[in-house]
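Trainee: This structure is in structure tokens; I'll ask about it shortly.
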Amino acid sequence: MTGSASTPSALVDAAIRPSFDALKNAGFRRRGRTFAKVARGASGVLNFQSSQWNVGKSARFTINLAVYVPAFAKIQNRVLSTPPEKLEGCSWHTRIGFAMGMRKDLWWEVSAGNPSENVAADVLNSLTNHAIPWLERCMTFDGLCAFLADGGGVGAAELLWAVGRKDQAVASLAEMLSSSMPRYVELANAWLTKHGLRAP
């Protein structure tokens, strides 16, 4: 690649563009690098985020995911007349690595040594097998509850408790309670104590 085609922005665009049709076919509308789907009063949002440190002829990017679910929006005081089609205003945010069960961020890198066409296939696979299914599942009340209960932490526990899913609220702390980091265990136990509970 030469000239403008080798700028960080152009490298990212080349890597994500092959995924646009898959998102369109799944019912997502595009605005720049953000895609949104609205259904049954809920919405799912996907955004391709470039690293702020991209310079020269290489670039890194990841995928942000978010859902707006009316029952959660109500207890968060974020009820909107129209479900949002951007990340702001959504009920829960995560990134592709967590939606894939990796428990960590996933970033792709494009450069002369790892050109966009090599990365594009992996991005498309991650979208079709993980991101789109995650969004469609978590746009529902039960789907989002299930995701939050799977190690979502204190923030997830608080939300689940507020919507009446108390068993799932406790389940969401399991990973913190078994952590080797004392601070995580302390925070989880503090939440349980606040709600008159003990660690399972």
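Trainee: Under a 10 Å cutoff between Cα atoms, tell me which one of LEU23, LEU106, LEU144 has the largest fluctuation in the Gaussian network model of the chain.
Mentor: Result: LEU106 has the largest fluctuation of those listed.
Trainee: Sticking with this one: Per the Debye formula with a single identical scatterer at each Cα and no solvent contribution, what log10 I(q)/I(0) holds for the chain at q = 0.08, 0.10, 0.15 Å⁻¹?
Mentor: Values returned for q = 0.08, 0.10, 0.15 Å⁻¹ are -0.32, -0.48, -0.93.
Trainee: Shifting gears a bit: At a threshold of 8 angstrom on Cα-Cα distance, excluding pairs fewer than six apart, so keeping six or more, what relative contact order does segment 3-139 reach in percent?
Mentor: 29
Trainee: Rounded, prolate or oblate: which fits segment 136-197, taking a ≥ b ≥ c as square roots of the Cα gyration tensor eigenvalues, rounded meaning a/c under 1.5, else prolate when a/b beats b/c?
Mentor: Oblate, because a/c is 1.5 or more while a/b does not exceed b/c.
Trainee: Using only the alpha carbons of segment 94-200, what is the convex hull's orientation-averaged projected area in square nanometres?
Mentor: So the Cα hull casts an average projection of 8.1 nm².
Trainee: Quick check on the chain: helices-only [θ] at 222 nm, where DSSP H runs of length 4 and up contribute -39,500 (n - 2.57) each and the sum goes over total residues. Nearest 500, please.
Mentor: -11000 deg cm²/dmol
Trainee: For segment 148-194, what does the relative contact order come out to in percent, with C-alpha contacts under 8 Å and a separation of six or more?
Mentor: 35 percent.
Trainee: If you add up the charges near ASP150, with Lys and Arg at +1 and Asp and Glu at -1, over every other residue whose beta carbon is less than 11 angstrom from its beta carbon, what do you get?
Mentor: Surrounding charge for ASP150 is 0.
Trainee: If you don't mind, another one. Applying the Karplus parametrisation 6.51 cos²θ - 1.76 cosθ + 1.60 with θ = phi - 60° to the phi angles of segment 172-188, what ³J(HN,Hα) value in whole Hz is obtained for each residue in order, glycine and proline being reported as x?
Mentor: My calculation for segment 172-188 gives 5, 9, 4, 5, 5, 5, 9, 5, 7, 9, x, 5, 5, 4, 4, 5, 5 Hz in order.
Trainee: Given 10 °C and 1.306 mPa s, compute D for segment 70-137 with the Stokes-Einstein relation, Rh being the Kirkwood radius over Cα pairs; round to the nearest whole µm²/s.
Mentor: The estimated diffusion coefficient comes to 112 µm²/s.
Trainee: With θ set to phi - 60° and the Karplus curve 6.51 cos²θ - 1.76 cosθ + 1.60, what are the ³J(HN,Hα) couplings of segment 137-151 in order, to the nearest whole Hz, using x for Gly and Pro?
Mentor: 6, 7, 6, 9, 4, 5, x, 5, 4, 5, 5, 5, 5, 8, x
Trainee: To the nearest 10 degrees, how steeply does helix 153-162 sit against the main Cα axis of the chain, on a 0 to 90 scale?
Mentor: 60
Trainee: So, one more: Looking at the chain, how many pairs of lysines come closer than 30 Å at the Cα, when each pair is eight or more places apart or spans two chains?
Mentor: Going through the chain pair by pair, I get 20.
All of the numbers you see were taken from the coordinates with simple rules; none came from a lab. Quick caveat: nothing in here was measured; it's all calculated off a predicted structure. Quick reminder, even Gly has a Cβ in these numbers, built from the backbone with ideal geometry, and neighbours come from all protein chains shown.
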